[in-house]
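All remarks here apply to the structure that follows.
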Amino acid sequence: MTPGSLNALRRERELTALAGGERVDLVVIGGGVTGAGIALDAAARGLSVALVEACDLAYGTSRWSSKLVHGGLRYLAKGDLALAHESAVERGILMTRTAPHLTRAIPQLFPLYRKTSRGQQAFIMTGLVAGDGLRRAAGTPASVLPRPRSIPAAEALALAPGLTPQGLRGALLAYDGALTDDARLVVSLARTAAARGAKILTKVEALRLDAESVLARDRLTGQEIEIHARQVINATGVWAGELAEAVRLRPSRGSHLILASGAARIGATSVNVPVPGENNRFVFLLPQPDGRVFVGVTDEPIDGAVPRVPSVPESDVDFLLEVASTAFTRPLTRADVAGSFAGLRPLVEGGGRSADLSRKHAVVTGADGVLTVVGGKLTTYRKMAEDAVDAALKRSGLLAGPSTTSRLPLLGATPRDRLSTVDAPARLVAKYGTEAPRVAALGEVDPELGLPLFDGSEISAAEVVWAVRHEGALDVEDVLERRTRLGLVTPDAEAARVRVRELVGKSLAGLS
């Protein structure tokens, strides 16, 4: 096993060490993008770290995003230049240094119809040009994210044939960043931290905590253990208030629909459709590598208890289909919907609509001395992690140098211009980067592992074995929901379930 391998055997060994009294510098609660980012930042500075997660890596909000790496255009429109610049900088770091293999440039089309006023067109183009200025200021080259431009109607229809040509005057074309898979980014962060000595412990639930200890339960065995540290950090996102009473969040639901391949006919270009009556809000259609299309996103506050797995209400389905259909020849209907998902944004409580609340993050010190990270968003996870570790050093008196993660490639990363030279299928390279040949080799050694999980699936049995041996998958749901994302479309998950159960069982037995 390589140092970055996460699996049941390593988990058992590291839990035993902690139960035996081993003390670490930091304990991080939460295995989403923020928690995994904190674990990596701390481990890269030479600190000893244990991350405990009640369920699985990317179990919560981090797997329910729009899979975009935003450049901060929305924040620029709201006049928040600092947050917009931070987003552009972090996007550039992800796309050019830390995770070129997991990111790609995605074209964004803004169709212009006769009903689009010249003022609205000028407003959008001004924003796109300003966003391009942020790209340049962040040092992201135009070879990675091309400059925005106006295009004629014929070119717009060539890029997105499903658009209605009636009244189409042309379009604005811009570029932003997109992830192959948000959950895979979290797994890569956790594995890179593990390669530097971090203990990444899933299915370990924090029951009680203070500044220097966590009482946790191993959900696989029921055993309770006391984990001791110099500082505890709460990075549980929308559930942060359950462990830190002083934290006040106002979660916002972002709903997405998954359209069947061919339903929208937009090729590889995303399409942004304006929401009627809104100046700076769009429903977007995002093409995915498998041919399906995500339609999103809503921004609605939720009340009451925070659900572990949020659902998409019928009203959101109607809203997204109705707005998106205004730009297409064939209206989108429920028959086109193959699946749906919703994520909860951990917004800091404030006045006004949830759509207007700031996406800024903060590190809060509770009365018990626990540090809690609140707010923020996926794109700026690295800066959130850096700020959290800086705060932990200051409060605990631990000594370590400055953050190095802006220059630290994740496992599998290589410069973008070298990805095409990796000797493996392009689909695997987009998921595993330079590790893709090792995944492919599993299927070459054992031809059975090279076969797809079911007819029509691109995902092979080898990817399930890799997930259990190296990516910390401990059961069938870990594989279906977060390592392969087959769980996004229920029929796909059910078609694969029996074979995945067999592969997970054999792989876990092979580790013992």
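The values are calculated or read from the model by the stated rules, or taken from the named source; none is laboratory data. Since this is a predicted model, take the numbers as computed values, not measurements. Virtual Cβ from ideal backbone geometry, glycine too; neighbours counted across all protein chains shown. Only protein heavy atoms, including side chains, enter the accessible area calculation; ligands, DNA and RNA are left aside. Shrake-Rupley method; radii C 1.70, N 1.55, O 1.52, S 1.80 Å.
Observations on the model:
- Cα-based shape type of region 428-472, given that a ≥ b ≥ c are square roots of the gyration tensor eigenvalues and the cut on a/c is 1.5: rounded
- Relative contact order (percent, whole number), the chain, Cα cutoff 8 Å, 6+ residue spacing: 21
- Computed on protein heavy atoms with a 1.4 Å probe, the accessible areas place Asp446, Asp417 in the order Asp417, Asp446, largest first.
- Pairwise label distance in nanometres, Ala335 with Ala82, each label 7 Å out on the Cα-Cβ vector: 5.3
- Charge tally in the Cβ shell below 12 Å around Gly131, where Lys, Arg are +1 and Asp, Glu are -1, Gly131 excluded: +3
- In the assembled protein chains, Glu322 presents an accessible area of approximately 130 Å² (probe radius 1.4 Å).
- Percent carbon-and-sulfur accessible area, the chain, ignoring ligands, DNA and RNA, probe 1.4 Å: 53
- Alpha-carbon centroids, region 153-203 and region 287-326: separation in whole Å: 17
- For Leu26, solvent-accessible area (1.4 Å; no DNA, RNA or ligand), Å²: 0
- Of all DSSP bridge pairs formed entirely within the chain, close to 75 percent run antiparallel.
- Ellipsoid equivalent to region 222-311 - semi-axes via the Cα gyration tensor, in Å: 37, 19, 12
- Calculated from the alpha-carbon coordinates, the chain shows an Rg and a Dmax of 22.5, 71 Å respectively.
- Selection among Leu73, Ile29, Gly60 by position relative to the dipole of the chain gives Leu73 as farthest towards the positive end (Cβ unit charges, Cα centre).
- Put Ser255, Ser396 in order of accessible area, highest first, and with a 1.4 Å probe you get Ser396, Ser255.
- Region 30-146, relative contact order in percent, only Cα pairs under 8 angstrom and at least six apart counted: 23
- Computed [θ] at 222 nm, helices only, for the chain once each DSSP H run of length n ≥ 4 contributes -39500 (n - 2.57): -10000 deg cm²/dmol
- For the chain, the solvent-accessible area of protein heavy atoms averages 39 Å² per residue (probe radius 1.4 Å; ligands and nucleic acids excluded).
- Inter-label distance for Arg407 and Leu157, nm, one decimal - labels placed 7 Å from Cα along Cα-to-Cβ: 5.2
- Subtracting the Cα-Cα distance of Thr365 and Asp423 from their residue separation scaled by 0.36 nm leaves 16.1 nm.
- Leu411 - accessible surface, heavy atoms, 1.4 Å probe, Å² rounded to 10: 50
- Lys, Arg +1 and Asp, Glu -1 on Cβ, resulting dipole of region 186-344 about Cα centre, debye, nearest 20: 580
- Entries of Lys115/Lys377; Lys360/Lys431; Lys383/Lys506 with Cα pairs more than 31 Å apart: Lys115/Lys377; Lys383/Lys506
- Shape class for region 282-437: oblate, because the ratio a/c of the largest to smallest gyration tensor axis (alpha-carbon atoms, square roots of eigenvalues) is 1.5 or more and b/c is at least a/b.
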